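Scroll down for the structure; my scribbles are underneath it.
The values are calculated or read from the model by the stated rules, or taken from the named source; none is laboratory data. These figures come from a predicted structure and were not determined experimentally. Counting neighbours? That spans all protein chains shown, and the Cβs are built from the backbone with ideal geometry, glycine included. Only protein heavy atoms, including side chains, enter the accessible area calculation; ligands, DNA and RNA are left aside. Shrake-Rupley method; radii C 1.70, N 1.55, O 1.52, S 1.80 Å.
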Amino acid sequence: MKETALRERIFVALDLANEQALRDLLSQLDPKPLKVKIGYQLVYALGLARVFALLAELVPEAQVFLDLKLHDIPNTMAEGVQALKQYHQLGLKYLSVHASAGREALLRSQDATGGLFDLAAVSVLTSLEGSEYTAVFGSESSPEEKVLALAALVSSCGIGHLVCSGQELGRLRLACPSLVPITPGIRGGGVAVLGDDQRRSYTPREALGLSGGYLVIGRPIYGAADPCVAWRDLLV
Ligand code: C5P
């Protein structure tokens, strides 16, 4: 796959908590990412308007995935989504919500986008497995079964993107071929993370081989001794 084609399929997670760290990282990355994911740590630290102004300055071409992981009652979620429409002209392209918020919340949130940006529904967090998983979701279904059930719900609500781990990509493709997967928890392939909290993880090549969608990669890039080298290595 060509470098540009790969860059279009990787969201660089900018999980940084201050402006200088963001400036430092984005000044190092060459070529510039075409897709960036903004977590709520930066949004809470700087405010959303400042974050979008910085991105317009530092990576003007990039599509922005705002990873706010909304999870609330339908009215609150829909009003939250509605309030984000103003950022569409500043590059907002994807917004995350939790699939487990339920059908009405998903339908109303999708409606509230007005088609200006896409929702990405989070299925089961990639950090959950074993007893951590069953404590939240019970023991009746495996993570994969739960992801597939949530995928069916998300798809039936007209939402086009699902956040899931690499482990579910194969079956997801068969069960819900129209859903575009977004896969975090990318590890290995020459990248290592100290004190890692990701569990259901995959290497970039494995995940891209299984996925017709996108990857999210954070610490393997911004936590590397040389982020630019780590980023370039991912693109070869
Ligand atoms: O640093 P790392 O590559 O693990 O970053 C993964 C990113 O993807 C983080 O920003 C995390 O919040 C996000 N994410 C995740 N699992 C999900 C949804 C989002 O790891 N299910």
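Listed values, structure above:
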{"quantity": "Size of electric dipole in the chain: Cβ of Lys, Arg +1 and of Asp, Glu -1, about Cα centre, debye, nearest 20", "calculated": "400 debye"}
{"quantity": "Most to least accessible of His88, His71, His98 (protein chains only, probe 1.4 Å)", "calculated": "His71, His88, His98"}
{"quantity": "Inter-label distance for Ala83 and Gln41, nm, one decimal - labels placed 7 Å from Cα along Cα-to-Cβ", "calculated": "2.3 nm"}
{"quantity": "Projected-area mean, the chain, by convex hull of Cα positions, square nanometres", "calculated": "12.1 nm²"}
{"quantity": "Residue-normalised accessible area of the chain, given per residue in Å² at a 1.4 Å probe", "calculated": "45 Å²"}
{"quantity": "Cα-Cα over 24 Å, subset of Lys2/Lys32; Lys2/Lys85; Lys35/Lys85; Lys32/Lys146; Lys85/Lys146", "calculated": "Lys2/Lys85; Lys32/Lys146; Lys85/Lys146"}
{"quantity": "Exposure ranking of Glu140, Glu104 by accessible area [1.4 Å probe, largest first]", "calculated": "Glu140, Glu104"}
{"quantity": "Reachable aspartates and glutamates, given that their alpha-carbon falls under 14 Å from the alpha-carbon of Lys37 and they are not under 8 places away in the same chain", "calculated": "Glu8, Asp15, Glu61, Asp67, Asp118"}
{"quantity": "Gaussian network model of the chain, Cα within-10 Å springs - most flexible of Ala112, Ala207, Ala13", "calculated": "Ala112"}
{"quantity": "Quarter of the Cα convex hull surface for the range 52-119, i.e. its orientation-mean projected area (nm²)", "calculated": "4.1 nm²"}
{"quantity": "Qualifying trypsin sites (Lys or Arg not before Pro) for the range 2-93 [loop in DSSP, other Cβ within 10 Å: at most 16]", "calculated": "Lys2"}
{"quantity": "Protein accessible area in the chain, 1.4 Å probe - carbon and sulfur %", "calculated": "51 percent"}
{"quantity": "Shape category assigned to the range 31-79 from the gyration tensor of Cα positions, a/c cut at 1.5", "calculated": "prolate"}
{"quantity": "Percentage relative contact order, the range 10-123, counting C-alpha pairs under 8 Å, at least six apart", "calculated": "23 percent"}
{"quantity": "Whether the range 62-199 is rounded, prolate or oblate, judged on the alpha carbon gyration tensor where a/c under 1.5 counts as rounded", "calculated": "prolate"}
{"quantity": "Extension gain, Glu3 back to Glu140 (0.36 nm per residue minus Cα-Cα distance, nm)", "calculated": "45.1 nm"}
{"quantity": "Most mobile of Pro33, Pro74, Pro177 in a GNM of the chain (Cα contacts under 10 Å)", "calculated": "Pro177"}
{"quantity": "Cα gyration tensor, the range 1-104 - rounded (a/c under 1.5), prolate or oblate", "calculated": "prolate"}
